[in-house]
Structure formats: structure tokens, C-alpha cells
Amino acid sequence: MTKEENTQYAADQSNSGASPSAEEHLQDKTADFFSRSNRRQQAKGGGSNARNQQQSATSIPSPSPYTIPAVTIGLNIVWWQQPLIYHQAWQNAQNWHIWSLIAYSLLTALALAFQIQNRFGKTDHRAWLALAASLIVVVNSQLRSRFEILFLLLLFIAFLLILPIRSLQLQNALGMFGLSVLLTFTVPICITYLANNYVSPEFLQQSWLLVFASLFYFTPLFLPSVKGRQLELLTAPLFLIALFWSQGFGILAGLAAFFAIAAFLLTFIRPLTYQYQPIMAVLGLIATTMLFYH
């Protein structure tokens, strides 16, 4: 073998020995490049998801500042307008059971108004204070001597207390139905029993219209999301069916249906009307009560 051939052979051996390390180095660089690219894409995706969640949370404006007084006063009008207690409750006003119940109804309606203002999305210490004050009113009055009344009043307080807690998963159709039933029956039944010393089956039967009305008007407040809009497609027909089934096809039923349809259509432009939806919901309940409970 000549000198030139020996030199060429040594060079080939050195190249063949160095090639595996060069390939491994190239593979490491390629893997590092793709890992950095994946990390950048994940960081961008995480940032965009966070921005989307923040935008969805802030896309709906806060309710009107008049929501709290409107809901507090409106619910008490609905509760105290029930027909069987309207004529006798104030005649028995010297009985201080009634005044304790007035304080309870104002405080629980105030607590619910605070929760509506926060869209039932978080606990509000103001609502807790109002519920605590309503509990103090109940346990320090003669209302505690009536077991049935005490049970209903405490049940309403407990439900409002746990309603905004996310871990209990009450932000759904079942929670909305429970709220509607308690709104309709708790305070009015207690008022009726204290005023008349009985609750007639007719009173319970005709109150179901208010259950469906509460279910319809409070759905967009309780579920301000796509699920709420889907639930409205069920609660709206249910309210209209209950309305015409119980009241017939008259002028008053037509006015109530017109108001309900108008409120339903306004939910489709929710970002523009959400500030006034709580007030509209309370006005809808008041209209239902005034038209049919007199």
C-alpha cells in the first residue's frame, strides 16, 4: 500500500468513526428545536385560552345598580300580593308574627338581590349578612313556635346560602326549579297560614302559575350562558301553557303572554340588555301577580 493510499485510508477511518457522534448531535438539535416550538405553541394556546375566558367573563356587563332595590321591593310585592292573605294579613297586623315575617321577607329578598347582582357566580358577604340577620329574626320571634313555618323559613335560608357554592353543582336546571318553588311557596305559605290559620288547596293550586313564571323569568339570571338560553326554550313554552291552561284565552292572559314573549326576545340581545334583565324579570313577576292574584 502506497503512502497516499495509507493517508486516504486513515481519513476514511476517522470520518467513519466521527459520523455516529455527528448524527446524534444533529438529532439532539432537531429534538430540541421541535420541543422549543411545541412549548411556544402551548404558551400561545394557553394565553389565548386565558384571554378567551377573560373575555367571556367580561363580555356580559354588570347588572344595573338599581337591581338590588328593584329585586328586594319587587319580590315582596309578589309575596304579599297573594289573594288569600291580602284582605286579612293587615287586619292581623297587631299580631307581631306578621312584622317578624315582614323583616324576614325583606332580608331574604335582599340576599337574593345581592346574589343576582353577582350572577350567582360567587359568594357575597353582603348576602351572608342578610341571611344571618333573617336567621336572627326567625329564632328570636314567635315564628319558631310553629314547626311548619320554621322549617320552611330555615329551608329557604339554607338554600340561598348554598346556592352560589360551585362545588355543590346547583347551577343547573334542578337548582333553578328548586329556587322557583321556594320563591313561590315559602314566604306566601307562611303569610297565609299566619293570617288565616290554614292553607287551602286552591291557594296551592293557583300558585303553580307563579312557579312557572319564576322559572321562566329567572332562568337568564340564574344561568347567563348557552345552557340558560337552551333552558329558556323549555321554560318559555311551559309558562305559556300554564298561563293559558289556568287563565284561559282572555285579555289578561294575552297581556301576560305578550310581556313574556317580549322578555324572551330581548334575551337574544343579552349583551345590550343584561343590565336591565333583573328589573325586567321582577316586573314580569309583578305583572303576573297583579293580573291574576287580586
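General observations
- Largest first and in whole Å, the equivalent-ellipsoid semi-axes of region 186-249 read 28, 16, 6, each the square root of five times a Cα gyration tensor eigenvalue.
- By the count of other C-beta atoms within 10 Å, a proxy for reagent exposure, 66, 104, 274, 198 are ordered fewest to most as 198, 66, 274, 104.
- Working note: Karplus 6.51/-1.76/1.60 with θ = phi - 60° gives region 245-260 the couplings 5, 8, 10, x, 9, x, 5, 5, 5, x, 5, 5, 5, 4, 5, 5 Hz, where Gly and Pro are set to x.
- Residue order, fewest to most beta carbons within 10 Å, for 97, 125: 125, 97
- Note on region 67-292: Cα Rg divided by 2.2 N^0.38 Å, N the number of residues, gives 0.99.
- Signed unit charges on C-beta, dipole axis of region 67-292, positive-most listed residue 197, 246, 143: 143
Readers should treat all values here as calculations from the given coordinates under stated rules, not as data from a laboratory. The structure displayed is predicted, hence computed values, not measured ones. Neighbour counts are summed over all protein chains in view; Cβ atoms, including those assigned to glycine, are modelled from backbone coordinates with ideal geometry.
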